[in-house]
């Protein structure tokens, strides 16, 4: 065994202390950026005349306004609450930077027929429990694939054994995104991304592809770990260093995007130092 002299020991602890200070500073900068982004969004949300409190209520029924989601133009900036609606009376449309005044409100689009599938036989396989609608969110099954995918994640039965802690369990107490505002640590955000990647990896191993992955379709456990649910808005800016992971997933060509294994490696390499 090699013995370390006093100077070596001192150098070792000095290095550890320096790394700790750098990591602490990086996390502090990340915390400050998250707080700034939230405050900036709230300021824009309170000031925009696109909807209340500064704008007209949705239910006023007084006019028709259609905005096309075109980035870098007036209509896109309004939808991103970067600019206000122009002071125009009556009905109008904005596509990019082109404003078109309408003489009357267009006809409402035709109603789309309900495409719900018959899931009665699958529901009959599930345990019947009593819930309080005032405390629990009730969702009616629309498609067979929803229930079939959930059963597969439970090992084929319900109640079963969930195949990943990062997938929604058959039963349990979970929280919605409303609690996210209390978190701003880089370590927590990094852990959440890795948790979601693990959940998706389990789904993929079962031959299941999540078609609507977004924060609204993730819930938090009592120990603040995310689980992916719903197995079948305004853009939110991402602070560095997490933006690199987001950019890696955005190439137009699917073959240029990373696999979950490659994405996990990229996120694991994110360090506070």
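The values are calculated or read from the model by the stated rules, or taken from the named source; none is laboratory data. All of these numbers come straight from a predicted model, not from anything done at the bench. Using ideal geometry, Cβ is built from the backbone for each residue, glycine included, and neighbour counts are taken over all protein chains shown.
Scanning the range 72-82 for residues that are surrounded by fewer than 18 Cβ atoms within 10 Å (Cβ to Cβ) and under 24 Å from the mean Cα position of the chain (by Cα), we see that the one that is nearest to residue 100 (Cα to Cα) is 77. Screening residue 150 against (1) on the phi > 0 side of the Ramachandran plot; (2) assigned by TED's automatic domain parsing to the domain that holds residue 227 leaves a single unmet condition, (1). Only residues that are at pLDDT 80 or above, surrounded by 12 or more Cβ atoms within 10 Å (Cβ to Cβ) and assigned to a loop (DSSP other than H, G, I, E, B) were counted across the range 161-173, and they come to 6. When 157, 184 are checked against the criterion of being over 19 Å from the mean Cα position of the chain (by Cα) and not in a helix (DSSP H, G or I), a single residue qualifies: 157. Looking across 6, 57, 53, one residue alone is modelled with pLDDT of 75 or more and exposed (fewer than 11 other Cβ atoms within 10 Å of the Cβ). It is 53. Selection within the range 136-154: residues that are under 23 Å from the mean Cα position of the chain (by Cα) and assigned to a loop (DSSP other than H, G, I, E, B). The member of this set that is surrounded by the most Cβ atoms within 10 Å (Cβ to Cβ) is 141.
Quick check on the range 123-132. Is at least one of its residues surrounded by 10 or more Cβ atoms within 10 Å (Cβ to Cβ) and either outside any helix (DSSP H, G or I) or at positive phi (or both)? Reasoning before the result, please.
Of the residues in the range 123-132, the ones surrounded by 10 or more Cβ atoms within 10 Å (Cβ to Cβ) are 123, 125-126.
Applying the additional criterion that residues be either outside any helix (DSSP H, G or I) or at positive phi (or both) yields 125-126.
Yes; the residues of the range 123-132 include at least one that is surrounded by 10 or more Cβ atoms within 10 Å (Cβ to Cβ) and either outside any helix (DSSP H, G or I) or at positive phi (or both).
What tally of residues in the range 85-110 results from selecting those that are surrounded by 10 or more Cβ atoms within 10 Å (Cβ to Cβ) and not in a strand (DSSP E or B)?
Residues of the range 85-110 that are surrounded by 10 or more Cβ atoms within 10 Å (Cβ to Cβ), as a first pass: 85-86, 88, 90-102, 105-106.
Subsequent filtering for residues that are not in a strand (DSSP E or B) retains 85-86, 88, 90, 96-97, 105-106.
Total meeting the criteria: 8.
It is to be established whether one or more residues within the range 110-124 are out of contact with any strand residue (DSSP E or B) (no Cβ under 9 Å at 6 or more places or on another chain) and closer than 23 Å to residue 220 by Cβ. The answer is no, given that none of the residues of the range 110-124 is out of contact with any strand residue (DSSP E or B) (no Cβ under 9 Å at 6 or more places or on another chain) and closer than 23 Å to residue 220 by Cβ.
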